[in-house]
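The values are calculated or read from the model by the stated rules, or taken from the named source; none is laboratory data. In this text the structure is predicted, and so the values were computed from the model without any measurement. In this analysis, Cβ positions are derived from the backbone assuming ideal geometry, glycine residues included, and neighbour counts consider all displayed protein chains. With ligands, DNA and RNA removed, areas are computed over all heavy atoms of the protein, side chains included. Shrake-Rupley method; radii C 1.70, N 1.55, O 1.52, S 1.80 Å.
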Amino acid sequence: MTRESFDVLRHVVRLANCGAANHLTCLHGILDYLVRSLGLVEASLYFLDAEARGFSRVLHATGPPLFRDCHISLGESFQGEVLLSRQPKIEGTQAAFAVVTHFREHGVLSLQLAPETRLSPAEFSLLEAVSEELASLAQLQHDVETEKERTSVLGQLQALSAENDRKYREISLLYRISRAMHSTLRLNELVHLILSAATVKGGGGFERAMLFTVNERSGILQGMLGVTRKAAQLVLPKADGLDSWVNPRMGVDVQEAQRRTVFCRQVLKQRLPLDPDDNALARAVADAEVVLVRGPAPEQGSNQTFAAALGLNAYACAPLLGKDRVLGVVVVDNSDSHDDITPGRLRFLELFANQAAAAMENSMLLHRLESAHQDLRETQERLIQGEKLAVLGEMAASVAHELRNPLVSIGGFAQRLCRHAPEGSRDREYAGIIAREVRRMEEMLTNILAFSKKQMLCFVECDLVRIIEEVIDLENNAILAAGIDLKVEVIADLAKVQGDAQKLRQVLLNMVANARQVMAQGGILTVRAYPTSLRGEAAVAVEVEDTGGGISDEVMRNIFNPFFTTKGEGTGLGLSISHRIVELHRGEIEVMNRQKGALFILRIPCRERRESRR
């Protein structure tokens with residue numbers, strides 16, 4: 001029901017409450033208000049005769065507040081069909097709703113719609129509720145007339161006034177709660193607000209409320225939050241009065257305080273199977289309706305354990321019904337006063353849960369939109385960065401190519417000077433420095449050219465055990481010189497992989513060299529290889545772990561970015577090139593921190609490639 005429909009219903013209830021002493025004026029006022037508020041041509045109320053054979057009186061909104069005589073048979077009229085079936089009916093521009101109670105049939109609310117107009121679902125629900133209100137008035141009038149000799153008319157009118165007042169307060173409360181729920185779109189804040197609204201005295205009035213979310217994949221109902229009436233005061237303080245509903249307190253400190261309560265911690269421990277035959281919460285999910293448990297029974301599966309853990313006696317479970325699925329279950333009880341949960345309270349709980357579900361679904365939709373927007377922004381940034389790197393790569397390749405020719409000459413002459421200069425002379429020392437720096441620059445230029453080129457891989461059957469042995473042989477002297485203990489844990493009969501042996505050797509050599517370089521003062525370098533799976537396929541994993549202290553968060557975010565380095569020398573392209581090589585092998589490379597250092601994990605699939613990758 002929309003906010004406008006709530007306002008119309010609230011006004012109808014107010015008219016019924018204020019005009020209960022004058023039955024005719026009250027009914028005519030309600031009909032007249034319906035015509036004005038819904039844009040109807042006419043609204044009429046037909047009453048049954050004493051023998052319930054047909055309609056004998058009718059009241060029209062457009063005429064004076066007087067009952068007019070009529071003689072309409074039940075079986076030969078549109079209104080009669082509606083009353084006999086007790087189901088609303090629309091036929092052309094006519095709509096009719098049965099005005100009935102559990103005790104008797106009173107008549108029919110008949111509406112004449114404007115041409116080419118239709119009732120919306122919200123208006124349809126509103127008119128059903130108005131029909132119930134008219135039936136209450138008609139029933140009261142009937143009771144007053146038939147019981148006039150035995151009871152006081154004033155007492156009956158006061159009862160009606162109290163009932164109408166209760167309905168008015170309930171509608172106002174639901175409207176106030178709905179506004180509060182829509183004051184935030186953050187799901188974590190909304191959950192705290194929903195349970196707090198269910199438990200404060202000026203709100204739902206229950207003494208405790210719990211939220212369980214539905215995990216259909218695992219078939220589990222998981223406890224997410226529990227709020228007592230005392231904890232609800234943190235969000236909706238009594239001292240703030242009605243202002244607390246306009247500006248509820250939902251800061252991080254308030255949420256944390258509610259989660260730290262003993263009751264909430266007990267709720268968080270609860271996990272119930274999503275089986276309707278096992279517990280009441282799952283039954284509420286399956287039936288999509290409120291379930292009342294009057295007391296735990298041994299034969300009710302998890303109900304007894306669940307109730308014992310949380311000290312439950314009688315409690316009610318209301319499903320949070322989303323558009324396409326059940327979002328969760330709200331569980332309420334009165335653990336201190338042990339007050340009964342009456343049918344009226346169950347009806348209120350159902351309306352409350354519907355409002356809560358709508359607010360939660362809106363919050364989830366916003367979160368999905370924000371996530372999609374963030375993904376689009378990140379993709380755009382990556383595309384822009386990729387374009388920049390492509391331009392930079394082309395420029396770097398061009399510059400590197402032009403620099404290599406003079407470097408070859410400089411390096412060659414420096415090496416000749418080293419050979420001809422006397423041993424131990426300054427000239428020999430300076431020439432050696434020049435030759436060494438030239439080699440370093442040539443290595444940097446080689447890396448830049450390798451990064452800027454498209455990789456050409458030749459896939460063959462590769463033995464990773466043998467490649468690991470070759471890498472260790474190359475790095476062994478440097479590892480021993482640095483005082484590092486080397487541990488190799490490789491499965492001997494490891495499956496072969498399809499890949500480019502030279503490129504995989506380059507990746508592993510880079511991983512081992514990086515691990516060695518971060519342990520300049522010694523440590524433990526561990527190399528492992530074992531079978532694993534990748535995206536559901538057989539694969540081989542190679543781990544390189546060091547004890548060099550780990551990697552900071554900032555470095556971890558940029559570790560595979562080109563030209564990013566923490567070393568005093570180098571191009572920052574080693575891991576970028578390795579990452580590209582691994583991707584071309586349809587594998588993955590992962591890095592994480594361990595207790596004493598960093599761990600790099602390389603995973604390469606075993607499945608045979610049908611084409612080489614570029």
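Key figures for this structure:
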| item | result |
| --- | --- |
| Positions within region 92-127 being touching a helix residue (DSSP H, G or I) at 6+ places or on another chain (Cβ under 6 Å), farther than 16 Å from His60 by Cα and among the β-branched types (Val, Ile, Thr), in sequence order | Val100, Thr101 |
| From the options Leu486, Leu464, Leu504, residue that is surrounded by 12 or more Cβ atoms within 10 Å (Cβ to Cβ), in contact with a Ser or Thr (Cβ under 9 Å, 6 or more places away or on another chain) and in contact (Cβ under 8 Å) with a residue 12 or more places away in the chain | Leu486 |
| Region 467-483, residues that are more than 22 Å from Ile577 (Cβ to Cβ) and open to solvent by less than 30 Å² (accessible area, probe 1.4 Å) | Ile479, Ala482 |
| Selection within region 576-595 - among the small types (Gly, Ala, Ser) and more than 15 Å from Asp500 (Cβ to Cβ) | Ser576 |
| Breaking point among (1) in contact with a helix residue (DSSP H, G or I) (Cβ under 9 Å, 6 or more places away or on another chain); (2) free of Cβ contacts under 8 Å to residues at least 60 places away in the same chain; (3) open to solvent by less than 50 Å² (accessible area, probe 1.4 Å), for Leu66 | (3) |
| Residue match in region 54-62 (condition: without any contact (Cβ under 8 Å) to a residue 40 or more places away in the chain, open to solvent by 80 Å² or more (accessible area, probe 1.4 Å), in a strand (DSSP E or B) and more than 24 Å from Leu140 (Cβ to Cβ)) | no |
| Qualifying residue in region 586-596 (condition: in contact with a helix residue (DSSP H, G or I) (Cβ under 8 Å, 6 or more places away or on another chain), modelled with pLDDT under 85 and outside any loop (DSSP other than H, G, I, E, B)) | no |
| Selected residue (criterion: most open to solvent (accessible area, probe 1.4 Å)) from residues of region 289-308 that are at pLDDT below 90, out of contact with any helix residue (DSSP H, G or I) (no Cβ under 6 Å at 6 or more places or on another chain) and of a type outside the set (S, T, N, Q) | Arg294 |
